[in-house]
Every structure is written in structure tokens, then in C-alpha cells.
1. Among the numbered criteria (1) modelled with pLDDT of 95 or more; (2) touching a Lys or Arg at 6+ places or on another chain (Cβ under 9 Å); (3) not aromatic (Phe, Trp, Tyr), which single criterion is violated by Ile61?
2. Filter region 226-242 for residues that are assigned to a loop (DSSP other than H, G, I, E, B) and without any contact (Cβ under 8 Å) to a residue 12 or more places away in the chain; which is nearest to Val95 (Cα to Cα)?
3. Considering only region 203-215, state which residues are farther than 19 Å from Gly185 by Cα and either in contact with a Lys or Arg (Cβ under 8 Å, 6 or more places away or on another chain) or exposed (fewer than 15 other Cβ atoms within 10 Å of the Cβ) (or both).
4. Filter region 156-215 down to the residues that are of a type in the set (Gly, Ala, Ser) and in a loop (DSSP other than H, G, I, E, B), then identify the one that is nearest to Trp44 (Cα to Cα).
5. (1) at pLDDT below 60; (2) of a type outside the set (Lys, Arg); (3) touching a Ser or Thr at 6+ places or on another chain (Cβ under 9 Å): which one isn't true of Ala113, the others all being true?
6. All but one of (1) free of Cβ contacts under 8 Å to residues at least 12 places away in the same chain; (2) closer than 17 Å to Val96 by Cβ hold for Glu211; state the number of the condition that does not hold.
7. Against the definition (within 13 Å of the chain's Cα centre (by Cα), among the charged types (D, E, K, R) and either farther than 21 Å from Asp110 by Cα or not assigned by TED's automatic domain parsing to the domain that holds Ala98 (or both)), how does Glu211 come out, yes or no?
8. Take the conditions at pLDDT 70 or above and out of contact with any strand residue (DSSP E or B) (no Cβ under 7 Å at 6 or more places or on another chain) and apply them to Ala37. Does it pass?
Amino acid sequence: MAYRFRRLFASTFGRPGARRLLRWCWRLLLALALMDAGYLVGIWPQWDLYASGPVQRSNFIRAYEFERGRHADWPALRWNPVAIEAIPQDMIWAVVVAEDARFFEHDGVDIEALRDAMEYNLSRKKMIYGASTISQQTVKNVFLNSSRDPLRKWHELLLTIGMERNLSKKRILEHYLNLAEFGRGVYGVDAAARYYWGIPVSRISRRQAIELAATLPSPVKNNPRTDTRSFRRRVKKIRRYF
């Protein structure tokens, strides 16, 4: 069998026309790789601008402000970034438990979670769960978009590695907690606490911290106001770790 395959391969790609086609394919792939490398160089962040200082607006926040002009029913943007020192430990812990339990152990990509998600999805024969870490979600929010195409995921992976090498875990969390969406037009934990309960995030209770974490990753549909069955199940699941 192997001998027949080698003969077939040799007879196919040994022809002059096929060899030329193969060479052009390699040249095309090389050109695409060079173009992508150039794109990455163009968008590669100056990490020192993100390593300290105020948290900057994310691409998702800019996109929301742009799209709101086309949706009269969308509320005004709510976003009030705060220093991580103003965020209760219960809030930080609840988000880590809910979104990325091994956040302090991995280097940006959780291989174990990725393997588990792939096995689960293959068993169901469809994409149900992803395995994006807090670091990956932060990169997507700050620099990229919600596209699911493989090229965007590739860029996300490279940027995540870059961010993990240049920003501390504490700083990554500070970005994530201030940029994650917690409802339609509600970005960051402080804006979320003020929106749902009328208090700054520094004053929320453990129960409220768990409820905010439970809005992720579908905050428009599942949040403390909609109080869906899925939201209540997620609250119960997170509460087990407290």
C-alpha cells in the first residue's frame, strides 16, 4: 500500500506541470506568510503603554460606540475604569473561577482546558465550548474583534504570548476587569456595579461579585436583571468555590 502511494505521488508530482504548480503554491504560501507577518508588525503593541497607567479603551468599546449610532434602542456607553486596588478580592476571585481557573498557572494558553474543550466538542460533533483564557479574552477585547476565523485566532495566540511576556498577571486582570462586557453597553466591573446596584465596585458584597462573574460570557442575555435559569445555574456553580 505504501509503495503504491509513493508511486502515485511520484507520478503525479513528478510531472513538469505538477512541479510548477507545486512551486507556485509554495510561493503563494510564502507570500501570504510574509503579508501576515507584515500585518502583525503593523499592529504589534508598544507593551510599555499597557504595562502601567490608566486602562485604555478597547476595540470592543470603540465598536459599541460606532454601532450604537445604528441602533436607537442601545443605551449609552457605561464605562468607568478603576485601579485593581479598588476591586474587592471576592470580585477578582469570582471572575477567575468563572472564566479561567488556572489563570495564575498557565502562560496565556491553557493547554489542558483546550484539550478538554476539544474532546467535549468532538463528542457532541459541534462547537459548544471554547477554551479562551482571561489573557486571550483580554487580547481579543483590546486589540482584535469578535471574528471566529482561524487567522484572527492565530493573531490572538501570538498577541497573548507577547502580552504574557510583557505584562504582569495583576495588570492583565486589571485590563480584563475594566474592559469585559457585563451587559448591553456596560463595560468593566465598576460600571456594572453602578448599573445593577447603584454602588461602586469597591462596596459590592460577595453575592454581588458572584452574580457579576456569572454574567460572563453572555452578559446581554444572562445578568442580574434578566435572572435567567442559565444565569442562576452559573451563580450556583461559582458559589461552590467560596
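1. The single condition Ile61 does not satisfy is (2).
2. The selected residue is Arg240.
3. Answer for region 203-215, where residues must be farther than 19 Å from Gly185 by Cα and either in contact with a Lys or Arg (Cβ under 8 Å, 6 or more places away or on another chain) or exposed (fewer than 15 other Cβ atoms within 10 Å of the Cβ) (or both): Arg203, Ser205, Arg207, Ile210.
4. That would be Ser168.
5. (1)
6. Every listed condition holds for Glu211 apart from (1).
7. Taking the combined requirement at face value, the residue does not satisfy it.
8. Considered against the rule, which asks whether it is at pLDDT 70 or above and out of contact with any strand residue (DSSP E or B) (no Cβ under 7 Å at 6 or more places or on another chain), Ala37 comes out as no.
The values are calculated or read from the model by the stated rules, or taken from the named source; none is laboratory data. Note that the coordinates shown come from a computational prediction; the quantities given were computed from them, not determined experimentally. So basically every Cβ, Gly included, is an ideal-geometry build from the backbone, and we count neighbours across all protein chains shown.
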